[in-house]
1. May I ask for the longest run of the chain untouched by trypsin sites (Lys or Arg not before Pro) that are loop-located per DSSP and have at most 15 neighbouring C-beta atoms (other than their own) within 10 Å?
2. Compute the FRET efficiency between Arg84 and Ala241 as 1/(1 + (r/R0)^6), taking r as their Cβ-Cβ distance and R0 = 30 Å, and round to the nearest 0.05.
3. Please give, to one decimal in nm, the separation of the simple spin-label points placed at Trp186 and Arg97, each 7 Å out from Cα toward the Cβ.
4. Express the relative contact order of the stretch 146-271 as a whole percentage, based on alpha carbon pairs under 8 Å and six or more residues apart in sequence.
5. How big is the stretch 161-249 along each principal axis, measuring the range of its Cα positions in Å and listing the largest first?
6. Rounded to the nearest 5, what is the percent of antiparallel bridges among the DSSP beta bridges in the chain?
7. When the convex hull of the Cα atoms of the chain is projected onto a plane and the area is averaged over all directions, what value comes out in nm²?
8. Give me the number: length gained by fully extending Leu160 to Val224, i.e. 0.36 nm times residue separation minus the C-alpha to C-alpha distance, one decimal in nm.
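Derivation of every value follows stated rules applied to the coordinates shown; laboratory data play no part. The model shown is predicted, which means the values in this text are computed figures rather than measured ones. Every residue, glycine as well, gets a Cβ built from its backbone with ideal geometry; the counts of neighbours run over all protein chains shown.
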Amino acid sequence: MDASEVARNWEANADAWTQQARRGVDVFRDALNSPAFFSMLPPVSGLRGLDVGCGEGSNTRNLARLGARMSAVDIAPTFIRHAREFEKAELLDIDYRVADAMALPFDSGSFDFVTAFMSFMDMPDPVRALQEASRVLRPGGFLQFSILHPCFVPPYRKVLRNRNGRARAIEIGGYFESTDGRVDNWWFSTLTEQERSTVHPFSTPIFHLTLSQWFDAIIGAGLVVDRLGEPTAGADVAHAAAVLDETRIAPLSLHVLASSPRLKGQSSCRQ
C-alpha cells in the first residue's frame, strides 16, 4: 500500500473522527495516552516544534499552550481544515500543512523538537518517516512519539475477559508477520451499539514492525533513545472503559523519547 491509498483512508475517516474525538469519545487518548505522553515530554516553552500526523490538532494545540511555536502536518486535507478552523476560536499561531511525513516540506535542522502521537505505525514506510523527523531536527533536538505497542498489539490480538467483563489476559499472535497496510475497521470502544449503527467504522491501514525493527529504525535515523514509556491505567483499579481496563494487563501503546546528537562543542542549553 502506498501513501496515496493511506491518505484516502484517513481522508474518509477525518470528519467522523474529528466530531467523535471532540466530544470526548476517544477515552484512551484523553484519559491515558496523551497525559502520559505529556508527562514524559521535556520542556518545550519557547522552542520550535513540529507535530507529525496531527489529525484535527488536539495535541498540537496542547503543545502550543505549553509555549511551543508549532507547525503541524497531516496527510488528510480534511483533518487540516478542521485544525485550521479551530484557530478561529483560539488563536495559537499554529502553521498547519497538508503533507506526507515521509517527505516533510521543511529544511534540515528546522525544529528544536518533533512529536508524533500514534501516527508512525500508520505510515507505509515508518523507517523513512523516522529519517525525515531526524532530518528536520537541529543537533541536540529531540523526537518523542507514541505507537501501538509492537509486542502487545501485533497482527493478532484478543482480550480475554472474566464473567464480569474485566480483562484477565491478552492473547497475541503473528508478531513476526508484516501487515503491509492491512486495513482494520473499528469504532472507538466507548461508542454504544446504537451509536455504531449510525456511523461507519474507521478504516485504518496498519504497518506492523517488531520491537527490534523499530529500534533499528530509530538508531538508523541517527537518533539516541533516551527514555521509554508504557502507559497503564493501574494494575489494581477497575475501569469502566474497557480500553483502559485492558492496560492493567499489558500496555496498548509504547512511548519513545529520542534525541539528535549535539555537535561537538555545542551547548546543552536550548534557545
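1. 167-261
2. 0.45
3. The modelled label-to-label distance comes out at 3.1 nm.
4. 28 percent
5. Computed over the stretch 161-249, the largest-to-smallest principal extents equal 47, 35, 22 Å.
6. Details: 23 of 41 bridges.
In the chain, approximately 55 percent of DSSP beta bridges are antiparallel ones.
7. Values: hull surface 58.1 nm².
Hull-based average projected area comes out at 14.5 nm².
8. So the extension gain works out to 19.4 nm.
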